[in-house]
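Student: Following this message is one structure expressed as structure tokens.
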Amino acid sequence: MKHNFKYIAAAFLISGAVHAQKIDINKMPVPGPTPTINIATPKTFTMKNGLTVMVVENHKLPRVNVTLSMDRPPFYEGNIVGVSQVMADQLGNGTTKMSKDDFNKRVDYLGASINFSASGAFSNSLSKYFPEVLGLMSDAIINPKFTGEEVEKTKDRMIEGLKASEKSADAIASRVSNALIYGKNTSRGEFETEASIKAIKLADVQNLYSKHFIPNNAHLVIVGDVKFDEVKKLVEKNLNNWKKSNTTYAPLEPAANVAKTEINIVDVPNAVQSVISVGNIHDLKMNDPKYFAATMANYILGGGGEARLFMNLREKNAFTYGAYSSLSTYKYGPSFSAEASVRNEVTDKAVQEFMNELKGISTVKTEELTNAKAKLKGDFIRSLERPETIARFAVNQKTQNLPADFYTNYLKSIDKVTAGDISNAVKATIMPEKSRIFIAGKASEIADNLEKLGYPVKYYDDQANPVAKPVAQKADASVTPSAVADKYIAAIGGAANVQKLNSITTNATGKIQGMDINMKLIQQKGGKMMMDMQMMGQTMQKVVFDGKQGYMEAQGQKMPLPEDAVKELAENKELFPELAFGKSEEFKVTGIEKNNGEDAYVVKGKDITYFYSTKTGLKTGETRSQGGQTVPSTYSDYKDVSGVKMPYKITQNLGGMDVEFNVTAYEVNQAKDTDFK
């Protein structure tokens, strides 16, 4: 059975009107003079429990933002890693004085928002409701309601999330790269496992809260339509009983860059793209004289769509949808990283281009410098419109030991940066000769070419353990595409039953970012198909093909199918493409790989690869080349439908997200010609 999900994520570009003005669109606008910035200095006081409170009065809008942040180093959680997240999930889950439902209903009634994390909290409300919102927020902070039942619910959700990310190259890359940089048994390198989450007890959550969610290392910043004297009284009234702790933190475990640039590969057998991260750690702080030059260098290198990495890897070479870099001055672990997800077949070429750009960033052009200054100044000025920006500035001032005029002179500091300053700054922050090139991807396809780049190559599993180089399994010479197809047809019910099917209608449900979606797919011999994807009863995307022509529809916009799509759909006459394996020399069996958790024969065509279980013969998945990217699908939970087994669980990657569809019903031989109009 085939599933034409290729056009499920079709996007439409709607052209806007172009004003008939005489403007040279190829010429960068000349920036105006640097404006003078006035940033309000917060009024500050410290409570007896150690809580530092900073208040910034801003009466332009009748709103108030409250930001609570903890200034503490990372701490090692050990065999209960994940307990911080469990604790954070309990905050705001009701209090000892108010039930969860009553708490949430009251916040909603006030038109406010209150959010919590393991290292703080945030609220936003109208100023007239601020006193009550502060009271609710304070109640949740001081009197959290921890129960065994809620802790177990959170643990179950976390474990489900872990399982859902088991095959995600991005998730694997995030945890393994940190583990390799800092050590997997350290505060900055440890990661959650199913075992560590299951080991968490209610007492662990309560203990973490009392030791680490404390006022004496916290800053409370209140920005908005308030008066300092009134706020001081409110805060002292509501947070006076928040108990401090004498918790001490162990020094951070030492971490260092590799002595010489190396490639670290973690094998993700099902990956259709390689997640690449090239980076290093450094010691740059915000109060360092090189800060502004380093920030500008990072922007020119990978700060956006006009930066060097993007222009090279996407615009010039079409390796990826986007390539970016980031320069962190995080107090407890400053680092540099450049990232992109690229097609498997160009992984080595992409790595080479990354290194070329990192080596070349010590020299910048005058035009690049001018544009970067204009962009960074514009970003800074726009950021001042957000109250949370002022809160962040206030906390940074205290925790990063910044001079009093750091933000007031921010624009002037940008203006002063020279090309020579950038050259000096990158030597201490972007180190291509001491970088860790981390890649999470399909080692059997990417390793050989990466080893030819000349860097030492090391291999790891998805738990950051060293392993030998993964070796692709070869299929026996007797395993031909026709043999694989015959085994599959036999496994799903036999050729006689398969040939009885003239059409198949699939009804399925799924979720995208928490929202329910419904999918209806009708396929008929002769290449006819109709797919309708709906959310909240409205069609999101629709594809229709009557065997000769068709159209796509999205958000009310309709357009003909592209010629290449028409050609591909017209060529797929069979409901089961396996019936054509023996009629074409296009398909080849290339080996045995892990797919959807089991060994599978790999059958490759021009723009598509199929996977069939070596044990059962059933199709476990497929990948299609689409718009320069590879889109994977997996199939499981086969059940009998009119004598033919069909998958009731289908996972489709949509825009980088894995969406799991659960089939609610199949209908056979029910399609009508009107379905394809």
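Student: Quick test of your reading of the structure: Val205 fulfils all but one of (1) outside any strand (DSSP E or B); (2) within 28 Å of Lys442 (Cα to Cα); (3) of a type in the set (A, V, I, L, M). Name the failing condition by number.
Tutor: (2)
Student: Also: Give segment 170-206 a look and list any residue that's farther than 30 Å from Ile142 by Cβ, among the charged types (D, E, K, R) and surrounded by fewer than 20 Cβ atoms within 10 Å (Cβ to Cβ), or say none. Outline the logic, then answer.
Tutor: First, pick out the residues of segment 170-206 that are farther than 30 Å from Ile142 by Cβ: 170-186, 189, 191, 193-195.
Imposing the further condition that a residue be among the charged types (D, E, K, R) reduces the set to 170, 175, 184, 194.
Within segment 170-206, Asp170, Lys184, Glu194 qualify.
Student: A further question on this structure: Take Lys548 and decide whether it is out of contact with any strand residue (DSSP E or B) (no Cβ under 7 Å at 6 or more places or on another chain) and not in a helix (DSSP H, G or I).
Tutor: Working: out of contact with any strand residue (DSSP E or B) (no Cβ under 7 Å at 6 or more places or on another chain): yes; not in a helix (DSSP H, G or I): yes.
Taking the combined requirement at face value, the residue satisfies it.
Student: Which residues, taken from segment 473-490, are closer than 12 Å to Val603 by Cα and of a type in the set (A, V, I, L, M, F, W, C)?
Tutor: Within segment 473-490, Ala475, Val479, Ala483, Val484, Ala485 meet the criteria.
Student: To continue, here is another question. If you go through segment 337-347, how many residues are in contact with a helix residue (DSSP H, G or I) (Cβ under 7 Å, 6 or more places away or on another chain) and buried (at least 21 other Cβ atoms within 10 Å of the Cβ)?
Tutor: Count: 4.
Student: Restricting to segment 257-273, name every residue that is modelled with pLDDT under 95 and either surrounded by fewer than 18 Cβ atoms within 10 Å (Cβ to Cβ) or not aliphatic (A, V, I, L, M) (or both). I'd like the intermediate steps shown before the answer.
Tutor: Of all residues in segment 257-273, those modelled with pLDDT under 95 come to 267-273.
Of everything in segment 257-273, those that are modelled with pLDDT under 95 and either surrounded by fewer than 18 Cβ atoms within 10 Å (Cβ to Cβ) or not aliphatic (A, V, I, L, M) (or both) turn out to be Asp267, Pro269, Asn270, Gln273.
Student: Can you tell me how many residues within segment 353-380 are surrounded by 15 or more Cβ atoms within 10 Å (Cβ to Cβ) and assigned to a helix (DSSP H, G or I)? It would help to see each step written out before you state the result.
Tutor: Taking segment 353-380 first, the residues surrounded by 15 or more Cβ atoms within 10 Å (Cβ to Cβ) are 353-355, 357-358, 361-362, 364, 368-369, 371-377, 380.
If we keep only those that are assigned to a helix (DSSP H, G or I) too, we end up with 353-355, 357-358, 368-369, 371-377, 380.
Qualifying residue count, segment 353-380: 15.
Student: Out of Ser326, Ser277, I need the residue that is under 21 Å from the mean Cα position of the chain (by Cα) and surrounded by fewer than 15 Cβ atoms within 10 Å (Cβ to Cβ). Which one? Steps first, please.
Tutor: Numbers: Ser277 fails: surrounded by fewer than 15 Cβ atoms within 10 Å (Cβ to Cβ).
Criteria check complete, one pass: Ser326.
Student: Follow-up. Name every residue in segment 551-567 that is in contact with a Lys or Arg (Cβ under 9 Å, 6 or more places away or on another chain) and free of Cβ contacts under 8 Å to residues at least 60 places away in the same chain, in order of residue number. Before you say what the answer is, go through the steps one by one.
Tutor: Step one: of segment 551-567, the residues in contact with a Lys or Arg (Cβ under 9 Å, 6 or more places away or on another chain) are 551-554, 558, 565-566.
The answer is Tyr551, Glu553, Lys558, Val566.
Student: While we're here: Show the residue pairs that are 6+ apart or on different chains and have beta-carbon atoms under 8 Å apart, the first residue being within segment 260-272 and over 14 Å from Ala169 (Cα atoms), the second being of a type outside the set (Val, Ile, Thr) and assigned to a loop (DSSP other than H, G, I, E, B).
Tutor: Lys260/Pro456; Thr261/Ser435; Thr261/Tyr455; Glu262/Tyr455; Glu262/Pro456; Ile263/Leu453; Ile263/Tyr455; Ile263/Pro456
Student: Take the residues of segment 510-556 that are exposed (fewer than 15 other Cβ atoms within 10 Å of the Cβ) and at positive phi: which is nearest to the chain's Cα centre (by Cα)?
Tutor: The selected residue is Gln513.
The values are calculated or read from the model by the stated rules, or taken from the named source; none is laboratory data. This is a predicted model, so every value here is computed, not measured. Cβ atoms come from the backbone with ideal geometry, glycine included; neighbour counts cover every protein chain shown.
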